[in-house]
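Engineer: Handing you a structure now.
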Amino acid sequence: MPFTKLGLSNPVLAGVKAMGYVEPTPIQLRAIPLIMAGQDVIGSAQTGTGKTAAFALPILSQLGQHPPHTRMLVLEPTRELAAQVETAIHDFARFSSLRTMVMFGGVGYGKQRESLKNGVDIIVATPGRLLDHMQQGTCRLDHVRFLVLDEADRMLDMGFLPDVRRILDRCPRDRHTSLFSATIPPEI
Ligand code: AMP
């Protein structure tokens, strides 16, 4: 099944083509139709399987343009993963005018505050720094329509679950949720 049969938007298909992807990977084939149909998904998948595109392509296809609100939030356990995933999403979205930002700790707040002030459609964040911004009133999640919990078992291992719960409490209940995890322990 080619990417063109999955109901993805034209700008997203152009992004996929520019990335040189020819065929969807197995996780993409399974997750994309479910997310396009508005169903929440739990994916058991490791890094390297193509899971970033599995959630990003169908969500980007449904985002539309409603600036300046943040409508897609991706939580990642580490700054490296957050940076990597934001780069991928930015690449997939290159033929749309969607604005993305990455947010993690250990760096200054200035640039992140500036991006938030200008308005972003998509945030890829580690939980701690996102909570800092929320507490400082520089970031609101009340327009989030798509929430992605990536590498959920690693977030659990790193002790982020209480932070993740606090973030979930601040997202609208009426939203789409995707969860990806290499393993699915009971807490997840
Ligand atoms: P991920 O598991 O999302 O970290 O992706 C692993 C690598 O596979 C990344 O370098 C992606 O760019 C690449 N990739 C993802 N989906 C495809 C695809 N359908 N065809 C070719 N490469 C892909």
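Engineer: Can you pull out the residues in the stretch 57-91 that are within 14 Å of the ligand (Cβ to nearest atom) and either hydroxyl-bearing (Ser, Thr, Tyr) or modelled with pLDDT under 95 (or both)?
Structural biologist: Answer for the stretch 57-91, where residues must be within 14 Å of the ligand (Cβ to nearest atom) and either hydroxyl-bearing (Ser, Thr, Tyr) or modelled with pLDDT under 95 (or both): Thr78, Thr87.
Engineer: Among the residues that make up the stretch 19-27, is at least one of them near the ligand (Cβ under 10 Å from one of its atoms), among the hydroxyl-bearing types (Ser, Thr, Tyr), under 13 Å from the mean Cα position of the chain (by Cα) and modelled with pLDDT of 95 or more?
Structural biologist: no
Engineer: Of all residues in the stretch 19-64, which are within 18 Å of Gln84 (Cβ to Cβ), hydrophobic (A, V, I, L, M, F, W, C) and surrounded by fewer than 15 Cβ atoms within 10 Å (Cβ to Cβ)?
Structural biologist: Of everything in the stretch 19-64, just one residue is within 18 Å of Gln84 (Cβ to Cβ), hydrophobic (A, V, I, L, M, F, W, C) and surrounded by fewer than 15 Cβ atoms within 10 Å (Cβ to Cβ), namely Met19.
Engineer: Which residues, taken from the stretch 32-66, are in contact with a strand residue (DSSP E or B) (Cβ under 7 Å, 6 or more places away or on another chain), farther than 16 Å from Ile123 by Cα and not β-branched (Val, Ile, Thr)?
Structural biologist: Leu34, Gly38, Asp40, Gly43, Ser44, Ala45, Lys51, Ala54, listed by residue number.
Engineer: Still on this structure: Output the residues belonging to the stretch 5-18 that are surrounded by fewer than 16 Cβ atoms within 10 Å (Cβ to Cβ) and within 13 Å of the ligand (Cβ to nearest atom).
Structural biologist: Residues satisfying the conditions are Lys17, Ala18.
Engineer: Quick test for you: out of Gln112, Gln65, pick the one residue that is touching a His at 6+ places or on another chain (Cβ under 9 Å) and of a type in the set (S, T, N, Q).
Structural biologist: Gln112
Engineer: Here's a check for you: in the stretch 28-47, which residue that is part of a loop (DSSP other than H, G, I, E, B) and within 25 Å of Arg99 (Cα to Cα) is farthest from the ligand (Cβ to nearest atom)?
Structural biologist: Among them, the one singled out is Gly38.
Engineer: Let me ask you something else. Residues that are among the hydroxyl-bearing types (Ser, Thr, Tyr), under 24 Å from Glu187 (Cα atoms), touching a helix residue (DSSP H, G or I) at 6+ places or on another chain (Cβ under 9 Å) and in a loop (DSSP other than H, G, I, E, B): does the stretch 122-130 have at least one?
Structural biologist: yes
The values are calculated or read from the model by the stated rules, or taken from the named source; none is laboratory data. Please read all numbers here as calculations on a predicted model, not as lab measurements. Glycine also receives a Cβ, built like all others from the backbone with ideal geometry; neighbour counts cover every protein chain displayed.
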